[in-house]
Amino acid sequence: MSDSRQARYAAAESLVKVHGQEHLLRFYPTLPEPEQHLLVEQILALDFDLLKSLRAMASMPTQARESESIAPLYARDWTGYSVAERAVFANKGMRALRDGHVGALLVAGGQGTRLGHAGPKGTFDIGLPSGKSLFQLQAERLINLSRRAGKPIPWYIMTSPDNHGETKAFFETRRFFGLPEADVFFFTQDVLPVMDTAGKILLAEKGILSQGPNGNGGCFSALEKSGAFRDMRARGVEYLFFYSVDNALARVADPAFIGFAIESGLATAGKAVEKTDPEEKVGVFCLRNGRPSILEYSEMTPEMAAARGPGGKLLYGAANTAMHLFRRDFLEAHATTGLPYHAAHKKIAYVGQDGEKVIPSEPNAWKFELFMFDLFPKAEGMAILQVAREDEFAPVKNAEGVDSPASARDLISQLHRGWALSAGISPETLAGKTVEISPLTSYAGEGLGSHSTLRSEGNALLL
């Protein structure tokens, strides 16, 4: 072993002894030299002070919130605006797109494990007749808007260390779906070690620490560290449309929403859909101590969840869709602001003392994440636009049932059937068909006056 490598090993050995993590080097003597080097570098990169505070946080009982003031944060319903008002918003948003002032920020660090998919969630094919992945659907919406605006819309995609290489390779082999490669900016989020209930960091392999992505809230500091903010400033990007990869109906960089947000004059805006019922397990927009925030369903009493206003609508009924618009200067100002960590007790496989893999049957470890909505209270206010769930919200989270590929396919087909009928395609032509309209053909139902692209493939009708 070279002197420098010996010195780094000694430094790592000292750290694990001081912090009670000696087990991390248990298998070091048996590892090949490259794996020894990797293990030492992982240990030296750890922030042990942060880990100590996270361990203390996980062991504390949930704090009571009786002292907090919670009030509804009301959304403006899109259907409440006149046709002329909607046009004003859409034109304002398109002007921002034409001026090159808008970028899209996608958080795509997750794997498709829950869907039975071995790969990044964005590479998942939800079973549409076209076979398009979530990434392709979103890329084509950006292509459509870019063509109409006459200006490229830069796409900033946050991956995780686990899926970064595979995500980039997916785009490269598909020639970025027709987008200019220079307009797609990949960057990775940070990771945090997984600890057992005694505060010991788990080993995923004999020479690899068990670590997990630090949550969607990690995107803000990652934008700074990766140079993405610098890229935005060079391009003149002033607004970022934020969304999550698993919404198959996300209107990426929606001009109408962008215009609504800009018109509000506020640094942050969000899209909401109306809760289906008081028991739906979704977070809702609220005012917490007078500041915009998200109220998790687990934080609501049954009385709060069921409370209704004078018009009969749920007081806490504006469900968060994870679609937002941020002013870039606001994000830059708070990129390094410390957001609170959230602990989740999970079942995590690990390497035991005998070197064998242990598959726990009960939760055995703590994972820590940052939530992006914890940034909301930093804003003076937040403009919320309520949109139709069936038009814009088709999350793909579960293998079956609610929020599954099947439910997303049905929502897309129903929406596109409505577009086709409005464009004058006869009900007889559509009867018994699964309808899919390419985002390259229509972004939100417009431009379907000509049916020259109409084609039938089995039980599917594609435009």
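The values are calculated or read from the model by the stated rules, or taken from the named source; none is laboratory data. Note that the structure is predicted; figures quoted are calculated from it, not measured. Neighbour counts run over all protein chains shown; Cβ positions are idealised from the backbone, glycine included. We work out accessible area using only protein heavy atoms, side chains counted, and drop any ligands, DNA or RNA first. Shrake-Rupley method; radii C 1.70, N 1.55, O 1.52, S 1.80 Å.
Observations on the structure shown:
- Taking the C-alpha atoms only, the angle from helix 33-44 to the longest principal axis of the chain is near 80 degrees.
- Prolate/oblate/rounded call for region 269-313, Cα gyration tensor, a/c under 1.5 rounded: rounded
- Accessible area per residue (1.4 Å probe, heavy atoms of protein chains only) ranks 125, 3, 354 as 3, 354, 125, with the largest value leading.
- Summed side-chain charge close to residue 132 - residues other than residue 132 whose Cβ falls under 9 Å, Lys, Arg +1, Asp, Glu -1: -3
- Take 198-211, 225-238, 156-169 and order them by the average number of nearby Cβ atoms within 10 Å per residue, most first; the result is 156-169, 198-211, 225-238.
- The heavy atoms of residue 279 present about 140 square angstrom of accessible area, all protein chains included, probe 1.4 Å.
- Restricting the calculation to Cα atoms, region 65-145 yields a radius of gyration followed by a Dmax of 19.1, 53 Å.
- Residues with amide H under 5 Å from that of residue 282, placed H, sequence gap 5 or more: 297
- For region 37-176, radius of gyration divided by Kirkwood radius, i.e. Rg to Rh on alpha-carbons: 1.10
- Each other residue within a Cβ distance under 14 Å of residue 30 adds +1 if Lys or Arg and -1 if Asp or Glu, for a net charge of -3.
- The long axis of helix 405-422 is offset from the longest Cα principal axis of the chain by roughly 20 degrees.
- Amide H contacts under 5 Å for residue 423, placed H, 5+ residues apart: none
- In the calculated pair-distance distribution of the chain, the portion above 36 angstrom amounts to 34 percent of the Cα-Cα pairs.
- A simple spin-label model places the labels of residue 205 and residue 30 1.5 nm from each other, with each point 7 Å out along Cα-to-Cβ.
- Relative contact order for region 347-415: 17 percent, from Cα pairs under 8 Å spaced at least 6 residues apart, divided by residue count.
- Apportionment of accessible area to carbon and sulfur, region 1-134, percent (1.4 Å): 53 percent
- By accessible area, using a 1.4 Å probe on protein heavy atoms only, region 383-462 has 51% of its surface on carbon and sulfur.
- Mean accessible surface per residue for region 324-463, computed with a 1.4 Å probe while every protein chain stays in place, in Å²: 48 Å²
- For region 353-404 and region 28-60, distance of Cα centres in Å: 25 Å
- Share of Cα-Cα pairs in region 154-276 lying beyond 23 Å, as whole percent: 47 percent
- Helix 164-173 axis versus longest C-alpha principal axis of the chain: approximately 40°, rounded to the nearest ten.
- Spatially near lysine pairs across region 246-359, Cα under 29 Å, sequence gap of 8 or more or different chains: 9
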